[in-house]
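Peer 1: One structure, pasted below without further comment.
Just so you know, all these numbers are worked out from the coordinates, no wet-lab data involved. Treat the numbers as computed from the prediction; the structure is a model and nothing was measured. Here Cβ is always computed from backbone atoms with ideal geometry, including for glycine, and neighbour counts include all displayed protein chains.
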Amino acid sequence: MIEISNFSKTYSGSGVKAVDNVSFTVNSGEIFGFLGPNGAGKSTTIKCMTGILSFSEGSIRINGADIRENPTEAKKKIGFVPDEHIVYEGLTGMQYINFIADVFDVSTERRKELMGKYIPMFGMQDKIGEKISNYSHGMKQKVCILAALVHDPEVFILDEPMTGLDPQSSFQLKTIMTEFAKEGKTVFFSSHILEVVERLCTRVAIIDKGRLVTVCDMKELREKRSDLSLESLFLSLTQGNSGDAKL
């Protein structure tokens with residue numbers, strides 16, 4: 001569902017590669033974790049995957065559609081929850097969701113069906129008609145999640161999605177992610193909450209200083225190194241002590 005091949009991103013002016021020759025594949029029915037320290041290149045990679053940032057080296061394909069050569073087709077398949085709220089605060093929550101539904105050409109019946117399911121899950125029934133400018137940080141996060149779900153995406157990409165969510169909403173989001181994977185869809189999940197990543201994800205990629213350090217199968221990690229947590233692996237690989245992290 002996601003194929004990243006020899007992907008690099010250099011920011012103009014600096015000449016420094018924020019991401020350097022990264023390659024990996026994410027399969028259908030998989031919850032794939034994407035980890036790294038601050039400034040490692042996670043958000044840059046995600047913004048290139050979703051077409052927000054341009055790049056010139058390598059390729060990124062979303063369910064067969066190249067994000068550079070066929071961006072509209074690729075973006076149609078993606079539901080994206082960014083690490084910062086990109087919403088029109090002059091709209092109500094429902095108006096914003098309908099705006100996104102219009103962008104993705106979702107029928108009136110389908111959006112009512114999906115939002116009839118998801119709005120109560122996040123406890124937004126009494127707030128969805130209010131202006132987003134009046135929302136708390138957590139409520140804005142919920143609207144971003146709802147908007148990402150309104151077209152029932154094949155690929156669900158989330159960048160730090162738990163930030164600001166209450167425990168009930170975090171639980172519901174994890175439930176949705178698990179349901180998507182069971183339906184054969186793909187979830188790509190970046191987070192600093194390693195316990196959640198370890199519990200949810202099938203595989204995990206770790207990036208550091210713009211380079212891919214490892215792609216780890218979580219079942220294999222538990223079976224071969226029951227003494228090694230994802231947190232220990234992450235710290236070992238990102239603090240120059242990779243010898244302690246071998247499977």
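Peer 1: From the backbone phi of the range 95-106, what are the Karplus-calculated ³J(HN,Hα) couplings (6.51 cos²θ - 1.76 cosθ + 1.60, θ = phi - 60°) in whole Hz, Gly and Pro given as x?
Peer 2: Here the 3J(HN,Hα) series is 4, 5, 4, 5, 4, 5, 4, 5, 4, 8, 6, 7 Hz.
Peer 1: Taking the simple approach of a point 7 Å from Cα along Cα-to-Cβ for both residue 113 and residue 231, what is their distance in nm?
Peer 2: 4.3 nm
Peer 1: Please give the contour-minus-distance gain from residue 89 to residue 72: 0.36 nm per residue of separation, less the Cα-Cα distance, rounded to one decimal in nm. Intermediate results must be reported in sequence, preceding the final value.
Peer 2: Details: separation 17, 0.36 × 17 = 6.12 nm, distance 2.54 nm.
Result: 3.6 nm gained on full extension.
Peer 1: Taking H placed 1.01 Å from N in the peptide plane, check which residues at least 5 places from residue 34 or on another chain put their amide H under 5 Å from its amide H.
Peer 2: 189, 190, 191, 205
Peer 1: Looking only at the range 110-247, where both bridge partners belong to it, what percent of the DSSP beta bridges are antiparallel (to the nearest 5)?
Peer 2: So the antiparallel bridges in the range 110-247 amount to around 55 percent.
Peer 1: Within the range 1-133, how many lysine pairs that are 8 or more places apart, or on different chains, have C-alpha atoms less than 26 Å apart?
Peer 2: 25
Peer 1: Now a separate question. Counting Lys and Arg as +1 and Asp and Glu as -1, what is the net charge of the other residues whose Cβ lies under 9 Å from the Cβ of residue 79?
Peer 2: Spelling it out: positives minus negatives among the neighbours equals -1.
Peer 1: Once the other residues with Cβ under 11 Å from the Cβ of residue 123 are scored (Lys, Arg +1; Asp, Glu -1), what is the net sum?
Peer 2: On the way: positive: 127, 142; negative: 126, 166.
Combined, the nearby Lys, Arg, Asp and Glu give 0.
Peer 1: Which order do the peptides 77-89, 123-135, 147-159 come out in when sorted by mean C-beta neighbours inside 10 angstrom, highest first?
Peer 2: 147-159, 77-89, 123-135
Peer 1: Subtracting the Cα-Cα distance from 0.36 nm times the residue separation, let me have the gained length for residue 16 to residue 192 in nm, one decimal. Please list the in-between numbers first.
Peer 2: Numbers: separation 176, 0.36 × 176 = 63.36 nm, distance 2.45 nm.
Answer, rounded to one decimal: 60.9 nm.
Peer 1: Using the Karplus equation 6.51 cos²θ - 1.76 cosθ + 1.60 (θ = phi - 60°), what ³J(HN,Hα) coupling, rounded to whole Hz, does each residue of the range 134-143 give in order, writing x for Gly and Pro?
Peer 2: So the Karplus estimates, Gly and Pro as x, are 8, 7, 6, 4, x, 5, 5, 5, 5, 5 Hz.
Peer 1: Then there's this: Could you list the square roots of 5 times each eigenvalue of the Cα gyration tensor of the range 145-218, that is, the equivalent ellipsoid semi-axes, sorted largest first and rounded to whole Å?
Peer 2: Details: eigenvalues 89, 44, 31 Å².
Value: 21, 15, 12 Å, ordered largest first.
Peer 1: May I pose another question? Tell me, what is the Rg over Rh of the range 19-76, with Rh the Kirkwood radius over Cα pairs? Before the final figure, lay out the partial values.
Peer 2: On the way: Rg = 11.7 Å, Rh = 12.3 Å.
Rg/Rh for the range 19-76 comes to 0.95.
Peer 1: Calculate how many DSSP beta bridges within the chain are antiparallel, expressed in % of all such bridges and rounded to the nearest 5.
Peer 2: Counting DSSP beta bridges with both partners in the chain, the antiparallel share is about 55 percent.
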